[in-house]
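Just so you know, all these numbers are worked out from the coordinates, no wet-lab data involved. On a predicted model such as this, the values are computed, not experimentally measured, just so you know. Here Cβ is always computed from backbone atoms with ideal geometry, including for glycine, and neighbour counts include all displayed protein chains.
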Amino acid sequence: MRCSKSTPPSSKSGQASAPACAAISCRACSTWMTASSSCWTWSACCRPRSWNNWSHRPSRLRPWRALKFKDVCLMTSALSERAFLQLQRFFADASGIQLASGKQTLVASRLRKRVELLGLPSFDAYCDHLSMPGNEDERQRAIDLLTTNETYFFREPAHFEMLSRLLRGPLSTGAIRIWSAACSTGEEPYSIAMSLADLRPDGNWEVVASDLSSRALDAARSGMFRMQRLELMPAGYLQRFCLRGTGKYAGNLLVQRTLRQKVRVLMHNLLDSGAMLGRFDVVFLRNALIYFDAAKKQAILSRVIDQLLPGGLLFVGHSESLHGHRLPLQRVDKAVYRRI
Ligand SMILES: C[S@@+](CC[C@H](N)C(=O)[O-])C[C@H]1O[C@@H](n2cnc3c(N)ncnc32)[C@H](O)[C@@H]1O
């Protein structure tokens, strides 16, 4: 393990006592080093604020604690037809996704804890609460709970193999912009950033990561992930681009700050124009289209393609078909299209 034997910026006495937030502790030699060093550990002080927010809810938000478990279960066990229709309409307006009838169990399971936490007697009462003026935060929370955020590092590796070929060939020089257009909790944009950092060490690139779920975006911004489903990550990337959590963060990894700084994370609804984001050489729009009906899919694709430079590439999920859509795209490979 390489580490500088320097004193942390916050220590005046010359003794490494309390860690500065930008410093990490090397367990091997007990000296301090910056997060950009090659030591593969980080200390608890480096945790991002959002992680804190997420894991420590104030107890005043837990009125249900005073209730007996069986009462709570009785209160919210049934999702009425009226409540389901209201939630269906709310989510379709917000995201463009139509929750199919038959998804009542899914919706109830995703929202039940929240309804209980608020101390509300039923899903109907929750719908009333959602529609009250000024309850934007609650509406965002409901969107967070209703979206499906399944993702993992280097998912659908054929796309990353193609990206590597591009970065060694036509995209080996010049500025590059890549958009992860439904980035979820961030594994996709950081996979892209790792590929770029590896093959374009000049740093003349940027990754933009967007999603509709603020909770997913908080996770993406934190750059902290469970150490799981990493089997598709190329050998050496974990040690090169991530720090391993110790102590209470054991079992987690933190993407290195230099890489986190290259990924711009922001909220963007795919139903809206992406003009403010600028234009891109490559767009990853994967495993999101599958949730939309044909008309919404066409509208979203048109908006996303508007942000592709001529000749730019669009990657969609391997299970997503563009068949039947009239779009200025030419198929290049499975789930890869070029803007014409
Ligand atoms: C299954 S994840 C896909 C994550 C990643 N692209 C991948 O392939 O692993 C789908 C994401 O689409 C997002 N999403 C759904 N509707 C959206 C919308 N209208 N605008 C932006 N993002 C949306 C969800 O929040 C979710 O994070």
Between the alpha carbon centres of the range 264-299 and the range 110-174 the gap in Å comes to 14
Within the range 162-248, DSSP-loop GluC sites (Glu not before Pro) with at most 15 other C-beta atoms within 10 Å are GLU231
Taking every other residue with Cβ under 9 Å from the Cβ of GLU206 and scoring Lys and Arg +1, Asp and Glu -1, one gets +3
Among trypsin sites (Lys or Arg not before Pro) in the range 282-340, those in a DSSP loop whose Cβ has at most 10 other Cβ atoms within 10 Å are ARG326
Checking the range 163-253 for trypsin sites (Lys or Arg not before Pro) in a loop per DSSP with at most 16 other beta-carbon atoms within 10 Å yields ARG229
With label points set 7 Å from each Cα along the Cα-to-Cβ direction at THR105 and LEU230, the distance between them in nm comes to 3.5
